[in-house]
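So the structure is just underneath, and the comments pick up after that.
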């Protein structure tokens, strides 16, 4: 038998990513103790860490990453040619292998808890996106400019006839003057200095040759102070400059050609202009622990696609790190920098993260109507003694405002967002915000802390759930539909990076609602719910619940819990637990054994239930999950008969698919018969 191929750090990382993408996007596996068996793929892997956030860690398998990608593509979408995916997987693994080798002497320092400079953390992402099949897939000729290899290089400068340049600025200084300040010299009269990335300079000389031969554009060559790339290969940094520069690159990086669209240039400046109004004041009041890093100016030569540069605010002092670098697994199996920073105080760290970033984003959504797509790479934390102190969100490409807030925004800035297409329809906003700040961002933090071994992921998932429930209860100016979706829905929408890559989709092209493939995954905030038969040990808890005024109003007055339980007869008493904590009491019964059967045409297999919920669990999504579980567990119909005056319960039932079929006169109430058909 041939020995399995040697899997180095790059291949192991790719194997883990591909298997996790497969599980998220429609595949399955059998987990047996320390093994994961992927029968559909014909592979078996050592299970190093099983995650409640669906980011497991696996050991080596018997095939290469490229062969694994081929098998996965055949299972997920046999009708699509996988060759483009396979080529990119191969190239990505080669890039990661080169980066790991080049940075091995630095790795222990980069993953240690000691403070790092901004640019050190930006250039430490050697493995890339942990749930993308080709995290380092880029054009080979870009290799001299990638952040992982820490290059420094001068920009290419062009002198462009001012008549050919479109520009805008919300800084108080025109964009051409900003460019001159960075260059350190004035442009000749009637011309504008335009910085260009060295990669793009060569492309433009060929693609826009007419502009060069006509003299409209004069190539000044590489000049000026050196820059170095941030975690994004097309955004460059100089510590002494007030702005970073974000360029267009006609190169495929991960899924997309990295060309900034004209609407995105306008959106960036509009975002800064809005921030200068009362909306900015509202933003800072609602989210004092969060700063938006704006891209407030641009230069563009519109005669050629992508001939543009954005100016990005350069406010990154102190121990500032992007979340994606903090959460990154150590290439050689050690703990993430986040796990090292939070060691011994994981829950405290996560609570600080929630209040700093997640609550800030929720308040902006609820109180101001602003939404962001803060995936881990575009979310940064300023740390103080290793703890989150302040959050920063960058990249105006992912800035929008809710449709619900559009009229209010336009009263301040008429037509804001209309040309720039930065108005998010409500349902689409909720879908994208489930994925970016929560599934990608918050669950990534939970995963990194859990994989570090210092805390159970379920503890942090509960903390996240409790925080969302608290914010939903507080409410805001605009509807909390996002929080409803996060807490109550059985599934979450999840961007399918592998399927998107398999179909060779460019995520920056086309309508925003169809740029990526989305699938659904089970809602990770809903824990395993266990029903335990109620006994005397539960009586004190049940008595406390039943005597609360909010319960007794509908349940009836309780005089003696022992007598009540003894008189249940055909009613089966159960206590519902989530993660080991009791949160609800349920009485279940066969309808044919209950007086209710006399009031409607009951089927022999109809099952009924009564339910009461601990006040602390109300609004968390647990009650909905419990009823879904009860309904799914019945072979026939499920019914309940709440008081017709109990509007909250009736809305709850309708929201779970129950149909109110009739009103009934029962001995102790006028009831609505709610039915779930099988």
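The values are calculated or read from the model by the stated rules, or taken from the named source; none is laboratory data. Keep in mind the model is a prediction, meaning the values are calculated, not measured. Glycine also receives a Cβ, built like all others from the backbone with ideal geometry; neighbour counts cover every protein chain displayed.
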Worksheet item: residue 470: without any contact (Cβ under 8 Å) to a residue 12 or more places away in the chain, assigned to a helix (DSSP H, G or I), more than 14 Å from the chain's Cα centre (by Cα) and on the phi < 0 side of the Ramachandran plot, yes or no?
Response: yes
Response to the item:
Taking the range 378-388 and keeping only residues that are in contact with a helix residue (DSSP H, G or I) (Cβ under 9 Å, 6 or more places away or on another chain) and either part of a loop (DSSP other than H, G, I, E, B) or over 24 Å from residue 235 (Cβ atoms) (or both), one is left with 386, 387
Item to complete: Output the number of residues of the range 115-160 satisfying the condition of being farther than 27 Å from residue 443 by Cβ and part of a loop (DSSP other than H, G, I, E, B).
Response: 6
Item to complete: Could you list all residues from the range 603-623 that are in contact (Cβ under 8 Å) with a residue 12 or more places away in the chain and surrounded by fewer than 18 Cβ atoms within 10 Å (Cβ to Cβ)?
Response: 603, 604, 605, 610, 615, 616
Worksheet entry | Identity of the residue in the range 394-404, touching a strand residue (DSSP E or B) at 6+ places or on another chain (Cβ under 8 Å) and surrounded by fewer than 24 Cβ atoms within 10 Å (Cβ to Cβ), that ends up nearest to residue 120 (Cα to Cα) | 398
Fill in: Enumeration of residues in the range 175-210 that are surrounded by fewer than 16 Cβ atoms within 10 Å (Cβ to Cβ), within 39 Å of the chain's Cα centre (by Cα) and not in a helix (DSSP H, G or I)
none
Item to complete: Would you mention how many residues in the range 144-159 are touching a residue at least 60 places away in the same chain (Cβ under 8 Å), closer than 25 Å to residue 96 by Cα and crowded, with 22+ Cβ neighbours inside 10 Å?
Response: 1
Worksheet item: Is it fair to say residue 47 is touching a residue at least 12 places away in the same chain (Cβ under 8 Å) and assigned to a loop (DSSP other than H, G, I, E, B)?
Response: no
Item to complete: Taking only the range 552-580 into account, find how many residues are free of Cβ contacts under 8 Å to residues at least 40 places away in the same chain and either outside the structural domain of residue 590 (by TED's automatic domain parsing) or touching a strand residue (DSSP E or B) at 6+ places or on another chain (Cβ under 8 Å) (or both).
Response: 5
Item to complete: Tell me, please, whether a residue that is within 30 Å of residue 276 (Cα to Cα), outside the structural domain of residue 580 (by TED's automatic domain parsing) and in a helix (DSSP H, G or I) can be found in the range 442-464.
Response: yes
Practice prompt. Go through (1) part of a strand (DSSP E or B); (2) out of contact with any strand residue (DSSP E or B) (no Cβ under 6 Å at 6 or more places or on another chain) and name the single condition residue 602 misses.
Written response: (1)
Worksheet entry | Test: residue in the range 510-529 that is part of a helix (DSSP H, G or I), at pLDDT below 95 and either in contact with a helix residue (DSSP H, G or I) (Cβ under 6 Å, 6 or more places away or on another chain) or assigned by TED's automatic domain parsing to the domain that holds residue 87 (or both) | yes
Worksheet item: Can you name the residue in the range 237-276 that is part of a helix (DSSP H, G or I) and under 22 Å from the mean Cα position of the chain (by Cα) and is also nearest to residue 133 (Cα to Cα) among such residues?
Response: 264
Worksheet, complete the sentence: Within the range 241-264, of all residues that are modelled with pLDDT under 95 and out of contact with any helix residue (DSSP H, G or I) (no Cβ under 9 Å at 6 or more places or on another chain), the one nearest to residue 501 (Cα to Cα) is 256
Worksheet item: For the range 424-441, what are the residues that are outside any helix (DSSP H, G or I) and at pLDDT 90 or above?
Response: 425
Worksheet item: Which condition does residue 352 not pass, out of (1) touching a residue at least 40 places away in the same chain (Cβ under 8 Å); (2) farther than 29 Å from residue 428 by Cβ, if it passes all the others?
Response: (1)
Worksheet item: Regarding residue 27, is this residue crowded, with 17+ Cβ neighbours inside 10 Å, assigned to a loop (DSSP other than H, G, I, E, B) and free of Cβ contacts under 8 Å to residues at least 60 places away in the same chain?
Response: yes
Discussion item. Here are the criteria: (1) without any contact (Cβ under 8 Å) to a residue 60 or more places away in the chain; (2) over 14 Å from residue 155 (Cβ atoms). Tell me which single one residue 230 does not satisfy.
Written reply: (1)
